[in-house]
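The values are calculated or read from the model by the stated rules, or taken from the named source; none is laboratory data. A quick note: this is a predicted structure, and the numbers were derived from the prediction, not measured. Here the Cβ is made from the backbone with ideal geometry for all residues, glycine too, and neighbour counts use every protein chain on show. When the accessible area is computed, the model is the full protein with side chains, heavy atoms only, and any ligands, DNA or RNA have been set aside. Shrake-Rupley method; radii C 1.70, N 1.55, O 1.52, S 1.80 Å.
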Amino acid sequence: MDTQFAKNRYHGAPRAADFTIDQAWDTYSAAEHDRWDRLFRRQKEVTKGRACAAALEAMEALELSPSGIPHMGRLSDRLEKITGWRVVPVAELVPDEIFFDHLANRRFPAGAFIRPEEEFDYLQEPDIFHDIFGHVPMLANPVFADFMEAYGKGGQRAMKLGQLHNLARLYWYTVEFGLIQETDGLRIYGAGILSSPQETVFALEDESPNRIGFELKRLMRTDYIIDDFQQTYFVIPSFEALLETCYQDFGDVYGEVKGLPDYAAHEIAPGDEVITRGTLDYFRKGGRKGL
Ligand code: HBI
Ligand code: FE
């Protein structure tokens, strides 16, 4: 897990048993602060009218701004007053059990490094811009905040049951790439979309991907691609409905899903509530590689 991504300057920093490190905020360079500002301004503009109301409101409440890389301790003091969550700095992806333990205790592990200039538009690993611009606003929503804690606790149970691959799909298609139906249309709440200018437009406006109604067991059977736009986005009716799905025994859900075949990422399944049937054109042309 430590070796799949390029090294950043926090690799090898002293870390606690829970994998947290010192953000060492004073050590960001002027160029790094400036990179945050440019990423922030661009993304603030593109998410207008596209991000869900909860995310847009929280950016104001949390005072996220283009004035340098946020200090996680001070940001956490504001967030904690709203939902009790804190953001803790880590060097990289942390092992699953450590990740779940943080979430179960209302701590979100955020990468402390910022992407290099060469990867300004896209990088696969979660950096501070993805984690703070993408994830942290949603943690200021009380219902979503409860969902994330429940997910952490569910992750700990899923590991014991050996069913993590099913649960990880839930995280992927909601926390990272989820859409929500709002009164004025579809909006974004997934952090992987919210932190990407290209996918912010693609997820809502492109004709290529499918957009289908959220259904837990269907979703848990669906493969995903990690290094390109999604072929299918799942749409929730509300955060309350998402949280509600967690109030059932996932042991039973895994039992029902086990043995049933997986769906490919682009497939429409019988019984799907199809909101948009995608043309899949983008993927036929080779996706990111074909651009
Ligand atoms: N670690 N820092 C960090 N951020 C993540 O999003 C993350 C992680 N470790 C594990 C993990 N995600 C996933 O494996 C789980 O969502 C299943
Ligand atoms: Fe993420």
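Residues in region 277-291 that are touching a strand residue (DSSP E or B) at 6+ places or on another chain (Cβ under 7 Å) and either open to solvent by less than 40 Å² (accessible area, probe 1.4 Å) or of a type in the set (Gly, Ala, Ser) (or both): how many?
Final tally of qualifying residues: 1.
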Which of (1) in contact (Cβ under 8 Å) with a residue 24 or more places away in the chain; (2) open to solvent by less than 70 Å² (accessible area, probe 1.4 Å); (3) part of a loop (DSSP other than H, G, I, E, B) is the odd one out, the single condition ASP22 does not satisfy? (2)
Helices (runs of 4 or more DSSP H) within region 170-253 that include 3 or more residues more than 16 Å from ligand 1 (Cβ to nearest atom) and within 19 Å of ARG277 (Cβ to Cβ): 197-205
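Residue by residue, here is whether (1) open to solvent by less than 20 Å² (accessible area, probe 1.4 Å); (2) within 15 Å of the chain's Cα centre (by Cα); (3) farther than 20 Å from ALA264 by Cα holds:
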{"site": "GLY178", "(1), (2), (3)": "yes, yes, no"}
{"site": "ALA191", "(1), (2), (3)": "yes, yes, yes"}
{"site": "LEU194", "(1), (2), (3)": "yes, yes, yes"}
{"site": "ARG211", "(1), (2), (3)": "yes, no, no"}
Looking across region 68-101 at residues that are within 13 Å of ligand 2 (Cβ to nearest atom) and over 23 Å from ARG41 (Cβ atoms), the single one that is surrounded by the most Cβ atoms within 10 Å (Cβ to Cβ) is VAL90
Quick check on region 105-130: of everything there that is touching a helix residue (DSSP H, G or I) at 6+ places or on another chain (Cβ under 9 Å), part of a helix (DSSP H, G or I) and open to solvent by 10 Å² or more (accessible area, probe 1.4 Å), which residue is farthest from ligand 1 (Cβ to nearest atom)? GLU117
Of the conditions (1) part of a helix (DSSP H, G or I); (2) open to solvent by 30 Å² or more (accessible area, probe 1.4 Å); (3) without any contact (Cβ under 8 Å) to a residue 60 or more places away in the chain, ASP37 fails just one. Which one is it? (2)
